[in-house]
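Here the structure is laid out as structure tokens; the discussion comes afterwards.
Any read-out appearing in this document is the output of simple, stated calculations on the displayed coordinates, not a laboratory observation. Treat the numbers as computed from the prediction; the structure is a model and nothing was measured. Ideal geometry is used to build each Cβ from the backbone, glycine not excepted, and the neighbour counts take in all protein chains shown.
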Amino acid sequence: MRPRHAIRAPFFEIGPKNYLFGDEVLDLARAADAASEKYDIDIIFTAPYQDIRMVVAETEHLFVFAPHMDPLPPGRGLADILPESIKAAGAAGVMLNHCERPLGLSMLHRTIRRAKELGLITIVCADSVDEAEAIAMLGPDIIVAEPSGLIGTGTASDIEYVRASIVAVKAINPEILVLQGAGISSGEDVYRVISAGAEATGSSSGIMKAADRNAMVDEMIRAVREAWDVRNSKTIAFKQ
């Protein structure tokens, strides 16, 4: 039975982008589904539009997201991405403002509002701390703090950026979850970012270019669980 609860911290996002298609997307989704159950970690799987329905039907634990949508209502708009269509396909949410599909603040505001009308979870990308603050004012569910210059480089954000972006977003709205992205290429990267205070992280090329994609998924999700458990044990010890 697909979970209906809100996404819990810690969580992880996997985006195959256009590295994979067809059965390869499904194979990766199944590996992510297994890791989600094994380590009790929520996973957002941002599937290509044409694979959303397939991934939803063949997995049990993933939050399947669309990679973009447009704020139009049903009717005209050839080749635009209708929000109702991704909802009908089974998507739980939508990613917005990725550096490969950027939106101005006005358009982003309209699109977040349309997503809320349909009960779609929004995960919105921000390049800088200043942009994260501006986007936080629009009330998305999740902000991806992701310096665009690091995407696909294998170099993750420094700890100062991780902490500054979290503080900036939480100062505006403590209910917004903050995912630290860009350059995550190993379980070690994942562990470091979660240990630094992130509620989530994610990976695209770090998984897609791995020699064994499924093994890398397991490695990264295991690192989320281990880092989070160590954080919690230290917090509990401090309170005692």
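General remarks:
- Other-chain or far-sequence residues with amide H under 5 Å of M69's (modelled H): none
- In sequence order, calculated HN-Hα J values of region 11-28 (Karplus, 6.51, -1.76, 1.60; Hz; x Gly/Pro): 9, 9, 10, 10, x, x, 6, 10, 5, 10, 8, x, 4, 5, 4, 5, 4, 5
- The charge dipole of region 1-136, taken about its Cα centre with unit charges on the Cβ atoms of Lys, Arg (+1), Asp and Glu (-1) only, comes to about 540 debye.
- Within a Gaussian network of the chain (alpha carbon springs, distance under 10 Å), most fluctuating of A57, A168, A198: A57
- Cross-link pairs K87/K209; K17/K116; K87/K116 - those with Cα-Cα distance over 21 Å: K87/K209; K17/K116
- Within the chain, longest stretch free of exposed trypsin sites (Lys or Arg not before Pro) [DSSP loop, at most 12 other beta carbons within 10 Å]: 77-240
- Averaging the Cα positions of each part gives two centres, and for region 167-221 and region 89-113 these lie 20 Å apart.
- Of C99, C125, the sequence from fewest to most neighbouring Cβ atoms within 10 angstrom is C99, C125.
- Remark: D23, D33 ranked as D23, D33, counting other beta-carbon atoms within 10 Å and listing the fewest first.
- Rounded to the nearest 20 debye, the dipole size of the chain about its Cα centre is 560 debye, using +1 on the Cβ of Lys and Arg and -1 on the Cβ of Asp and Glu.
- The chain - mean residue ellipticity at 222 nm from DSSP helices (-39,500 (n - 2.57) per run, n ≥ 4, rounded to 500): -13500 deg cm²/dmol
- For the chain, modelled as a GNM whose springs connect Cα atoms under 10 angstrom apart, the maximal fluctuation among T111, T46, T201 occurs at T111.
- Farthest positive-ward along region 45-150 dipole, Cα basis, beta-carbon charges - from L103, G77, A66: G77
- Comparing G181, G75, G15 in a Gaussian network model of the chain (Cα springs below 10 Å), the most mobile by mean-square fluctuation is G75.
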